[in-house]
Structures are given as C-alpha cells and as structure tokens.
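A short worksheet on the structure shown next.
No value in this document is a laboratory result; all are computed from the given coordinates. Because the structure is a prediction, the values reported are computed rather than measured. Ideal geometry is used to build each Cβ from the backbone, glycine not excepted, and the neighbour counts take in all protein chains shown.
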Amino acid sequence: MKIALGSDHAGLPLKKEIIKHLEKKGIEVRDFGTLSEDSCDYSDYGLLVAEEVVSKRFDFGILICGTGIGISIAANKVPGVRAALCGDTFSAHSCREHNDANILALGQRVVGLGLALDIVDAFLGAKYEGGRHARRVDKISQIEKKYNK
Ligand code: RB5
C-alpha cells in the first residue's frame, strides 16, 4: 500500500508522526510537503496529493492542516477525489466502507496524536463495501461531470 501525505505548516508536526507510525508498519509513504514550518497555503498541498491519488500513483492520501477543513476542501475540487475530514474512528472506517473515500483529512489543532493515529489505522484498515453504496458514489461522479465541462 502506498500513501501520499501532505500538509501545511499547521499540520506538519502531526504529519511527521503519522509518517513514523506508517513506516513502522512497513507501509510505503511519500511526503509531498510542506517540509518547513514557514507559513504556506494548504491549497497547494491538497492539490499535489489529490493529483497523486486520482492518477493512481498512490493508493490513498492523508492531508493535514490546522482544522483539516481547508486542505480537504481544496483536494475535493479535483475530480475523482473523495476526501473525508475525520475527527473520530467511526467516521474514518465508515468513509471507506460507504463513501469509498480515497483521502483522509485531519486537523492537527482538533485531534490529539493518539486519536489521530487511531483514525489513520481505522481508515486504512477498512474496505469499500460497494453494493447499495456504489449507486450513491456514482452519483457523486455524475455531479462532477455535470460541473466540470
Ligand atoms: C493555517 O493557519 C490554517 O488556517 C490552516 O491550517 C487550516 O486550518 C485551514 O483550513
């Protein structure tokens, strides 16, 4: 499994911890920045990771900013991205099972480290169930097609 990670300055410390956590489990990761604590724009890193995920170069993305909101909004502008901002483990596995989410977004200023790592594990450990959910996810793609001409 290959994971693309990105954050702004406000999500940098949590991103580093998540990378350590995933590497310990033998999961391949790549950090698409930011790499410094200098103030930067979450939208740039949301776009970078979104493009890696929709191109299928990476299986999933993990994006972190202060709240997780800005970076998930940015990523969700890329057709094919289903980025889910999660603050609990139930949402983290449900967004995989029901929504086929391909990017997990986290807010470093919102969740503590222990919970954040549990959310990551819940997200990566869950599988899309398809079935009745497929129709709904397909309708999301249809909305993208309608507005991306
Ligand atoms: C940066 O200060 C902060 O605005 C950003 O990380 C994020 O929370 C935006 O949604």
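What distance in nm separates the simple spin-label points at Asp88 and Ser43, each placed 7 Å from Cα in the Cβ direction?
Those two pseudo-labels are separated by 3.2 nm.
Taking neighbour counts of Cβ atoms within 10 Å as a proxy for exposure, in what order, fewest first, do Asp8, Asp41, Asp31 appear?
Values: Asp8 24, Asp41 15, Asp31 18.
Going from least to most buried by this count: Asp41, Asp31, Asp8.
In whole Hz, what ³J(HN,Hα) sequence does region 65-75 give by Karplus (6.51, -1.76, 1.60; θ = phi - 60°), x for Gly and Pro?
For region 65-75, the Karplus-derived couplings read 9, x, 9, x, 6, x, 5, 6, 4, 4, 4 Hz, x marking Gly and Pro.
What residues qualify as long-range amide H neighbours of Ser7, i.e. H under 5 Å apart, gap of 5 or more or another chain, H built at 1.01 Å from N?
Gly33, Thr34, Ile64
Would you work out which of Asn148, Ala4, Leu22 lies farthest towards the positive end of the dipole of the chain? Charges go on Cβ: Lys and Arg +1, Asp and Glu -1.
Checked the options; the winner is Asn148.
In region 88-149, if every C-alpha pair distance is counted and binned at 10 Å from zero, what percent goes to each bin?
22, 41, 26, 11, 0
With contacts defined as alpha carbon pairs under 8 Å and 6 or more residues apart, what's the relative contact order of the chain in percent?
Numbers: 292 pairs, mean separation 33.7, N = 149.
Answer for the chain is 23 percent.
So what does the Cα-only Debye profile of region 23-83 read at q = 0.19, 0.22, 0.25, 0.29 Å⁻¹, as log10 I(q)/I(0), no solvent term?
Reported log10 I(q)/I(0), two decimals: -0.69, -0.89, -1.07, -1.26.
Provide Rg over Rh for the chain; use the alpha carbon set for both Rg and the Kirkwood Rh (inverse mean inverse pair distance).
We get a ratio of 0.95 for the chain.
Could you give the size of the charge dipole of region 1-138 about its Cα centre, using +1 on the Cβ of each K and R and -1 on the Cβ of each D and E, expressed in debye and rounded to the nearest 20? Walk me through the intermediate numbers first.
Details: 17 positive and 19 negative charges, 85 e Å.
Rounded to the nearest 20 debye, it is 400 debye.
I'd like the trypsin sites (Lys or Arg not before Pro) in region 51-138 restricted to DSSP loop residues with at most 16 other Cβ atoms within 10 Å, sorted by number.
Passing both the DSSP loop test and the Cβ count: Lys56, Arg57, Lys77, Arg109, Lys127.
Using every pair of alpha-carbon atoms in region 40-126, split the distances into 5 Å bins beginning at 0 and state the percent of pairs per bin, rounded to integers.
P(r) over region 40-126, rounded to whole percents: 3, 18, 29, 25, 19, 6, 0.
Ordered by residue, what ³J(HN,Hα) values in Hz, to whole numbers, does region 97-102 give under the Karplus form 6.51 cos²θ - 1.76 cosθ + 1.60, where θ = phi - 60° and Gly and Pro are x?
5, 9, 9, 6, 4, 10
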